[in-house]
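Data block below; observations after.
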Amino acid sequence: MKPGFVIFALIVFALLSYALYAALVLAPTELTMGDVQRIFYYHLPSAWTGMLLFIVNFVASIWYLIKRNAKADILALTTAEVGLVFWTVVLITGPLWARPVWGIWWTWDARLTSSLVLWLIYASYLILRRFSAGTQMPVLAATLAVFGFADVPFVYLAIWFFRTQHPQPVIGGGGSLDPYMWHVVLWNWLAFGLFAVLVCWVRWRLETTKRQVEALHATAALEGGYR
């Protein structure tokens, strides 16, 4: 294991620890929602991180479709996997926060429904990659990722164009919310973002090694067939 990776991992662990302490201890208690509002420090940073990973997946998929670059394909796969994990956190923490605050677990409005559709799109992307074979599989997956990405801006803009249960300015809109809450959100986002980079780094190396081993096996099998 390279020293750079170990140092980076320790930095990420330290940031995650501080972000957890800030969210649970340092951040003031919101006046109307109480301690349940602290879920927000994980809900919003997870959403931002997931969307950033889906953006990277979108760019990498276009790159692959144009250049047929293997690194672009690995990057697309890696960011889709990690992005889906963060988006799963969004879909879990959202209802946990909504039930005590709004009195409901879920409602089929534009924001929540499109968020679920986004999860299904990238889950379908990974299922396609896992269970499809053939040389055209990466092309089909990249095409799905490019078209599926259209739901990402829709999720973000849904609260402005449709009447939804989800409010527009959840934090920073004045009222009883302390500005320090934004600092905690940003600390958590930084920690989550760097953690996503760390996981993508590990997943990239695993996928690269896997493909190298598969190439060596294919070459050995081909050479054995000629003997």
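Nothing in this text is a laboratory measurement; each read-out follows from the coordinates by a stated rule. On a predicted model such as this, the values are computed, not experimentally measured, just so you know. We place every Cβ from the backbone using ideal geometry, glycine too, and count neighbours over all the protein chains shown.
Evaluate the charge dipole of the range 34-119 about its Cα centre and quote only its size in Debye, nearest 20, assuming +1 on the Cβ of each Lys and Arg and -1 on the Cβ of each Asp and Glu.
That gives the range 34-119 a dipole magnitude of about 180 debye.
In units of 2.2 N^0.38 Å, what is the alpha-carbon radius of gyration of the chain?
1.19
Hey, what angle do you get for helix 180-226 against the long axis of the chain, alpha-carbon based, 0 to 90 degrees rounded to 10?
Computed tilt is about 10 degrees.
Note the angle between two axes, namely the Cα long axis of helix 137-148 and the longest principal axis of the Cα atoms of the chain, as a number of degrees from 0 to 90, rounded to the nearest 10.
Between helix and principal axis, roughly 20 degrees.
By how many degrees, between 0 and 90 and to the nearest 10, does the Cα long axis of helix 151-161 differ from the longest principal axis of the chain?
It is inclined by approximately 20 degrees.
Taking the chain as a Gaussian network, where each spring joins two C-alpha atoms under 10 Å apart, which residue of M51, M181, M33 fluctuates the most?
Looking only at M51, M181, M33, the biggest GNM fluctuation is shown by M33.
Nearest 500 deg cm²/dmol is fine: what mean residue ellipticity at 222 nm does the chain get from its DSSP H runs of n ≥ 4 alone, each adding -39,500 (n - 2.57), divided by its residue count?
Result for the chain, helices only: -27000 deg cm²/dmol.
Please tell me the relative contact order of the chain in percent, rounded to the nearest whole number, where contacts are Cα pairs under 8 Å and at least six residues apart.
Averaging sequence separation for qualifying contacts and normalising by length gives 30 percent for the chain.
Can you give the charge dipole size of the range 33-226 about its Cα centre, rounded to the nearest 20 debye, using +1 on the beta carbon of Lys and Arg and -1 on the beta carbon of Asp and Glu?
My answer is approximately 200 debye.
Using +1 at the C-beta of Lys and Arg and -1 at the C-beta of Asp and Glu, which of F54, T219, M137 has the Cα lying farthest in the positive direction of the dipole of the chain?
Positive-end residue among those listed: T219.
Using the charge dipole of the range 33-226 (Lys, Arg: +1 at Cβ; Asp, Glu: -1 at Cβ; taken about the Cα centre), state which of F195, I127, W97 has its Cα farthest towards the positive end.
Result: I127, furthest along the dipole toward the positive end.
Which ³J(HN,Hα) values, rounded to whole Hz and listed in residue order, are derived for the range 114-122 from phi using the Karplus coefficients 6.51, -1.76 and 1.60 in 6.51 cos²θ - 1.76 cosθ + 1.60 with θ = phi - 60°, glycine and proline given as x?
Result, rounded to whole Hz: 5, 5, 5, 4, 4, 4, 5, 4, 6.
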